[in-house]
There are 2 protein chains.
Amino acid sequence: MQTRATIRDVAKKANVSLMTVSRVVNKKGNTSKATTSKVLKAIKELNYRPNITARSLAAKKSDFIAIIVPDISNPFFSEMVKGAEDFARENGYNIFLGDTEGKVELEKEYIDAAINRMADGIILVAPRLEDNLICKINDNIPLVIVDRSINKNDVLQVYIDNLKGAMSAVEYLINLNHKHIAFLSGPKDVLDSLQREKGYIMALKKHNIPINPKLMLTSDFKFESGRYAFEKFFSNYPKPTAIFASNDIMAFGLIQRAHEMNVKVPKDVSIVGFDDISLSSLVNPPLTTVRHPMLKMGIKAVELLINKLDNQLDTKINFNLENTLIVRKSTRKIK
Amino acid sequence: MQTRATIRDVAKKANVSLMTVSRVVNKKGNTSKATTSKVLKAIKELNYRPNITARSLAAKKSDFIAIIVPDISNPFFSEMVKGAEDFARENGYNIFLGDTEGKVELEKEYIDAAINRMADGIILVAPRLEDNLICKINDNIPLVIVDRSINKNDVLQVYIDNLKGAMSAVEYLINLNHKHIAFLSGPKDVLDSLQREKGYIMALKKHNIPINPKLMLTSDFKFESGRYAFEKFFSNYPKPTAIFASNDIMAFGLIQRAHEMNVKVPKDVSIVGFDDISLSSLVNPPLTTVRHPMLKMGIKAVELLINKLDNQLDTKINFNLENTLIVRKSTRKIK
DNA sequence: CTAATTGTTGCTCTCGTTTGCATAACTTTA
DNA sequence: TAAAGTTATGCAAACGAGAGCAACAATTAG
């Protein structure tokens, strides 16, 4: 592994000052054609590459964006990262990735790391971090929070209307004549989760359907819980004719256990999820679900952040992206 | 956003030289108890954070590992990244993520970026990049290539035995009395793909089952292609009683189209995939598949890389991880 | 032909840290 | 008691690049 050429080596080889080399590299200032080609030749011969770390130090700008998510192996987040990564690259930024496993301790660790590494900004998905901590971070480094809204209008945020999404899902079921609609909730300390529950309740109330606590279960967004919940729901009376799960993964669990118990989807029970992760269209039956546009949210988050970095003082602070019901084959009309 | 305190500010405040502060921060060298606590107090009061970019420049070491993958939104790769990320963090490294969309052009761009940013090493998943280019990169920066083997014993590599994995899948089907076993291949310019095909052929030969070109189809690892392939296979005679798909996603496609065409899995046709991505156990029926241990590969890759960085000259260069057949419910015995 | 303007190039300082060496004070050892 | 460690500290020079200013040459205007 040969040692790396620096801008000085190039300068010496080309018989110019290091500033001239810098100008050629950055295409700034004026350099004569002759000098430019002399420098370019030296660069090529020495296989010179500008050291971006050194540049960052001097410029106080790293062209790094930190993306901090709870679980990169979850398609839900990896899709967001995909969108963010792509848009960032197109705009000259690279990604510093942090996976927190949802632990507040690791969230803090990564936020510190991002600041210490002079990241230009942070895109943060941290459903449990306290509001005032988020504000504190926002005072230290440009920040966009994703999939979470917060009552502070100087914090950039990208989210969806979970309440509306849940309502549209439940109203869709009601329109298919379902009366006994069960709801499988996510964890209660996650805002998304609470709002989806609220949407469920509001939809029922709006259509004068009584709320039955036996048809509501609180859970943790995991597949196994979907399996467990299905059994639970079907051991009660009245059995639901439809189940709305707070995320797709749990809906998969519901469907799998239904199959095992010889309950047909959608013939015997309709199932609706939430998120529309990429695999929701691949399962059997393809899942009716509320699209949570993660890829778009990733893109939008980076766009907001870059705008802020460029001092484009957009008046818009938060982006409430559309979530639409995707009707597939896990639901059907009854009676 | 207040300006950031530097090591000099701390030194001034604590009335010591900046070297003493550096020693306290890095817990290196000897500092008296009194001085140490004086410095720590100043650090706290000024909210000082060491600038890792500056440290990297001085130390010629960034504590960054670049991970370059074709598609972070593909569960297959995101699981690998998860493993790598986690192990890297535990060992004091952060991740610089690159998503190449499988394009050689972007692969090169990210490799350059990694070098220019002084990444300590690269973990690369690039099935199409030419061998000699890989060797060239390996001369410039510590490298581990994942999910690909190469005939150069100075290039660190982590992979699985695709041939063996495919053979075990097909032999399993043969033991279930299947004779008409179709094979849905991935792209022919990917080594994994070719070796899986070879495994398929070897298994058939070993058991004296004639190879029927009508039962072989070349494709692209995509869901839609699985759907298409199922139709194709079932429009021919003899219809296969089992299909081995070169990856899980295509297997999902096969299953979905089967359902739509009212062909029951596994009653009418057995289906086996390859990879065991996290969703393979969640579909209906749960997929029998060959486990491709991506998470482990991610961990192993970082481990190899760190060993190299620490000059632990392990004799082992390449790791051929175990891949095992995971029998679920998409296959059954016939006759 | 002189003065003003423009185009090209280089010098030096700075970014925030670490590394290598120097130094002083304090211990131990013989 | 003197020589030889140890411990605790600081100084100056990197690390590789960019910014501001200064210098000088070439061109144009009057």
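Between the Cα long axis of helix A:223-235 and the first principal axis of chain A there is an angle of about 10°, rounded to the nearest 10. Placing a label point 7 Å from the Cα of residue A:90 along the Cα-to-Cβ direction, the residues of segment A:285-311 whose backbone N falls under 16 Å from that point are A:294-307.
This model, with +1 at the C-beta of Lys and Arg and -1 at the C-beta of Asp and Glu, gives segment B:162-293 a dipole about its Cα centre of some 440 debye.
Using a simple spin-label model with pseudo-atoms 7 Å out from Cα toward Cβ, residue B:334 and residue B:54 lie 7.1 nm apart. Net charge in the neighbourhood of residue B:221 (other residues with Cβ under 12 Å of its Cβ; Lys, Arg +1, Asp, Glu -1) is -4. Counting only residues at least eight positions apart within a chain, or on another chain, the aspartates and glutamates with an alpha carbon under 13 Å from that of residue A:239 are A:231, A:268. Once the Cβ-Cβ distance of residue A:112 and residue A:235 is raised to the sixth power relative to R0 = 60 Å, the FRET efficiency obtained is 0.80.
Toward the positive end of the charge dipole of the protein assembly as shown, with +1 on the Cβ of Lys and Arg and -1 on the Cβ of Asp and Glu, the farthest Cα among B:53, B:193, A:14 is that of A:14.
With a 10 Å cut-off around each Cβ of A:108-120, the average count of Cβ atoms from other chains is 3. For peptide A:98-106, the mean count of partner chain Cβ atoms within 10 Å of a residue's Cβ comes to 2. Computing FRET efficiency as 1/(1 + (r/R0)^6) for residue B:214 and residue A:327, where r is the C-beta to C-beta distance and R0 is 35 Å, gives about 0.40. Using R0 = 22 Å, the C-beta based FRET efficiency linking residue B:188 and residue B:151 works out to 0.70.
Taking GluC sites (Glu not before Pro) across segment B:60-131, the ones in a DSSP loop with at most 10 further Cβ atoms lying within 10 angstrom of their Cβ are B:130. Helix B:294-309 and the longest principal axis of the Cα set of chain B meet at an angle near 40°.
Relative protection proxy for B:45-56, A:193-204, B:171-182, from highest mean packing down: A:193-204, B:171-182, B:45-56 (other beta-carbon atoms within 10 angstrom).
Each of A:12, B:206 has its accessible area taken with a 1.4 Å probe; listed largest first, they run A:12, B:206. Taking 0.36 nm per residue of separation and subtracting the current Cα-Cα distance, fully stretching the chain between residue A:139 and residue A:262 would add 38.7 nm. Which lysines does residue B:44 reach when only Cα atoms under 17 Å apart count, and residues fewer than 8 places away in its own chain are ignored? Reachable lysines: A:108, A:136, B:12, B:13, B:27, B:33. All other residues whose Cβ lies under 11 angstrom from that of residue A:322 are scored, Lys and Arg at +1 and Asp and Glu at -1, for a net of +2.
In segment A:234-264, whose amide N lies under 13 Å from the spot 7 Å out along Cα-to-Cβ of residue B:281? List them in ranges. Inside the label zone: A:253. Compare A:185, A:22, A:270 in a GNM of chain A, Cα atoms joined below 10 Å, and give the one with the largest fluctuation. For chain A, modelled as a Gaussian network with Cα springs under 10 Å, the answer is A:22. Give the angle, between 0 and 90 degrees and rounded to the nearest 10, that separates the Cα long axis of helix B:131-140 from the longest principal axis of the Cα atoms of chain B. In chain B, helix B:131-140 runs at an angle near 10 degrees to the longest axis. Take each residue in B:47-55, count the other chain C-beta atoms within 10 Å of its C-beta, and the mean is 5. With a cut-off of 12 Å between beta carbons, the residues surrounding residue A:131 carry a summed charge of +3, where Lys and Arg count +1 and Asp and Glu -1.
The values are calculated or read from the model by the stated rules, or taken from the named source; none is laboratory data. This structure is a prediction, so every number in the text was calculated from the model and none was measured. Ideal geometry is used to build each Cβ from the backbone, glycine not excepted, and the neighbour counts take in all protein chains shown. Remember, those area values only see protein heavy atoms, side chains included, never the ligands or the DNA or RNA. Shrake-Rupley method; radii C 1.70, N 1.55, O 1.52, S 1.80 Å.
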